[in-house]
1. Among the residues of segment 533-559, how many are closer than 20 Å to Glu455 by Cβ and within 15 Å of ligand 3 (Cβ to nearest atom)?
2. Specify the residue that is farthest from ligand 1 (Cβ to nearest atom); the eligible residues are those in segment 507-519 that are open to solvent by 10 Å² or more (accessible area, probe 1.4 Å) and either touching a Cys at 6+ places or on another chain (Cβ under 6 Å) or farther than 11 Å from Glu544 by Cβ (or both).
3. Would you please name the residue that is nearest to ligand 3 (Cβ to nearest atom), looking only at residues in segment 376-393 that are open to solvent by 10 Å² or more (accessible area, probe 1.4 Å) and among the β-branched types (Val, Ile, Thr)?
4. Let me confirm something: among Ser580, Ser588, Ser573, Ser523, which residue is within 16 Å of ligand 1 (Cβ to nearest atom), without any contact (Cβ under 8 Å) to a residue 24 or more places away in the chain and not aromatic (Phe, Trp, Tyr)?
5. For residues that are at pLDDT 90 or above and among the small types (Gly, Ala, Ser), scanning just segment 185-229, find the one that is farthest from Ser288 (Cα to Cα).
6. Restricting to segment 234-261, and then to whatever is at pLDDT 90 or above and surrounded by fewer than 20 Cβ atoms within 10 Å (Cβ to Cβ), can you tell me which residue is nearest to Val472 (Cα to Cα)?
7. Please go through segment 345-360 and give me each residue that is surrounded by 15 or more Cβ atoms within 10 Å (Cβ to Cβ) and modelled with pLDDT of 95 or more, ordered by number.
8. Kindly provide the set of residues from segment 394-422 that are crowded, with 21+ Cβ neighbours inside 10 Å and farther than 25 Å from Ala356 by Cβ, ordered by number.
Amino acid sequence: MHEWVTTKIGLKPTIPFLNNSQQIFTRNSILRKLMKTLWLYSALSRFKFLNYRSKIMVVAFTGTHIPLIAIVAHIAWRSTDNWQSFLSVLSTALVATLGGTALTLLALIHLLRPIILTSQALREYGQSRKVLPLPTHFDDQVGTLMADTVSTLTDLEEARRILEHVDADTGLANRTKLISEIAAAVEAGKMYRVCVVVSNGYQRVATTMNQGHADKVMKMIGDRLDAFLGADAVLARIAPGQFAFLSFEDFLQEGQSLNALRSLIQECGGKLSLGDVNIQPNLAGGISTYPTDSSDPEELLDFAAAASDLVGARSPVAAYLPQMRVDAFDRYRVEEDIKLALKRDEFELYFQPVVAADEGRAVGGEALIRWNHPERGLVRPDQFIPIAESSDLISEIGLWVMDAACKQVGAWQNNDQRDLKVAINLSARQFHDPLLLDHVKGFVNDHKIDPQQLEIELTESSLMDDFDQSRVIFGGLRDLGVGISIDDFGTGFASLSYLRRLPFNKLKLDREFVDQVDTKPESQAICKALIALSEGLHLDVLAEGTERAEEITYLRELGCNLFQGYYLSKPVSANDFVASIEQGRLRSLLEKAAKTELRAA
Ligand code: C2E
Ligand code: CA
Ligand code: CA
C-alpha cells in the first residue's frame, strides 16, 4: 500500500518505484487538481478498519441521513401535538429512509464492483502472473478502466513471456527457449546435433574490466555466430560465456559436423575490439547428437558443453564421448583442488640450471612449478597446468609463479648470485592478459630486481593467436628489458616470416630434436637448420633436455652454447639450486662431455 503525504500542492502518493512520477504529478495541473479532491478519502483513510467499500457506505449513509433526519424531525415537531404521534411520524419516516438507503447502498455496491474487480485483477497478476478476465465491452469511464487494464496486462504478459525466452544482453534465445526447441525436435523425431560454443572472453573481460563490457563482447560474438549460421539454426546464449545451437543440416553428415563447427570457430573467432582494447574470444566447440548420445534436451546440452570443455590443444572442437563426463568430473575436482592449493600455498618453484658451455658455468635457470599435494605428494606440472589453462586458474597460478620467481631472483641477488637469469613459462592465456606488462613491472619493482634478470618463455602457438597483439606485448617486454625465449621451438607451426618480425632473444630447441641427436640423422638436420636460423637472426640458442654427454658435444660442434637437461642437473628446489650450479661440478661434467668421442651417425 502506498502512503499519502501532504505537500504544498496537496496530496501526493509516496510510491517507491514511481519516484520520477512525482515530477509528473507536480507538473501536470489536472492531476494536481484531482489530488486536491482526495481530502475526504485522506481523512477517512485514517480509520484503518474501514475498507474502501465501507468508506463509501459510511459517507452515503451519513450524507443521506443527517439532512433527512433533521428535516423529518423538524416537520414532525411542528405538526404534531404529542410525543406519540411525533415518534410515529419520525419512525415511519426513518423506516422509509432506511429502506431507500439500503437500496441506494446496494446499487452503490454493484456500481463499485468493476473498480474492486480491477484492483483484484491487478493484484492477481502481480502475485501469480494470471490475467483475470474483466468485461471489456462497456464504454463509460469504468468500462474503459477495465478494458485498459486487461489489454495492458495482456501486453505485459506477452512481453514478459517473450523476455523469458530471450537473453537480454545479446537478444538471442536463452537456455529455456533452446531447451524447448530441442524438446520439440525430439518430439518430432528428427535427427539433429546440439552444438555448444564457449568463449573464455567473458570471464577474462569480466575480471579484467567489468561485467557490462563482458556482455558486450558476448553480443559481438553472438552477432557473428548468428550471421554465420543464418536463420535456420536456433542460436541461444545458454550461460554467460556459452552459446548453443540446434542444427539439422550442414552439421548432420557423419564426419562433416566437426569440420563445419571448426570452420564456424575459425570464421567467428577473430579478434574483437572493445574501445582500444583487443580481445581474443578463444572459441571452442562441442557437439552432441540426438538420438545417439541422449534424448534428454538438458543432457544433450550438457554433453555438448562437456565436449567443448575438453577440446585438446590440437583442435578447438570435439564431439561428445561418454568418457568425457568422467574426465569433466575429474577436471572439476582438480580445479577445486588447485583453488585450495593456492589458498594453502602448496605450490613451489623448482629451478633447472641453464649452463653456458664456453664459460663453464650456470648463467641462469628455468623456474618449473611443482605442487606439494597433501595426498598425492610432489605433482608435476603436466598433471595440472593443462587443466588450469582451460580455466582462468592459470592466471592466478601465473601470477603466483611470477611473484615467486622475482622473489627468488631478489634473494639470490642478496646472496652474491647477481647475474643469474630466471626464465618463467607463460601460457597463452596469460600472455594475452591486457595487464601482463603491469604485472611484470609490479613484481620487478616489488622485489627490487633488474628486469634483465627475468626471462619469459612462450611457445609458438601462443604467439600465433593474435600476431599484432603479440608484437605489442613483445615490444613492451623488450622496452622493460625482460628477455623472451621461444620454448619447444620447432614443434609449433609458427611461420618463420612472422617470427622474424618479433623481437625475441632466444630459441629453445625442443627435447624431441635433442634426444639422441648425435646418432639420429633427422634430428641432426633439424638442429643444424635451427641453429643456423638462430645465428642468422642473431638469437641465442639453447638445447633443452640434454641427457647425455654426446648430445652436448655434438650440438656444441654445431654452434649451440647453452644447455639445460638432466645431464647437467635435474630441476631442484631453490635451496638445492646453488649446490647444483657449483662451478667445479659443472666444469667436470662439461670436460667429461668434451672428451666424449662421437660415434659416426
Ligand atoms: P617445458 O617448459 O618444456 O619444461 C621442460 C620440462 O622438461 C620440465 O618438465 C623439465 O623437468 C623437463 N626436463 C628438463 N630436462 C630434461 C631432460 O634432460 N630429460 C627429460 N626427459 N626431461 C627434462 P616439467 O617441470 O615437468 O614441466 C613440464 C611442462 O610444464 C613445462 O615444459 C612447461 O610447459 C609447463 N610448466 C612448468 N612450469 C610452469 C609454470 O610455472 N607455468 C606454466 N604456464 N607452465 C609451466
Ligand atoms: Ca619452458
Ligand atoms: Ca620446453
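1. Going through segment 533-559 one residue at a time, the tally reaches 7.
2. Top of the filtered list is Thr519.
3. Ile385
4. Ser523
5. For segment 185-229, the residue satisfying everything is Gly212.
6. Pro240
7. Glu346, Phe347, Leu349, Tyr350, Phe351, Gln352, Pro353, Val354, Val355, Ala356, Ala357
8. Ile394, Ser395, Ile397, Gly398
The values are calculated or read from the model by the stated rules, or taken from the named source; none is laboratory data. What you see is a predicted model, and the numbers here were worked out from it, not measured in a lab. Neighbour counts run over all protein chains shown; Cβ positions are idealised from the backbone, glycine included. Accessible surface is based on the protein model in full, side chains and every heavy atom, while ligands, DNA and RNA are left aside. Shrake-Rupley method; radii C 1.70, N 1.55, O 1.52, S 1.80 Å.
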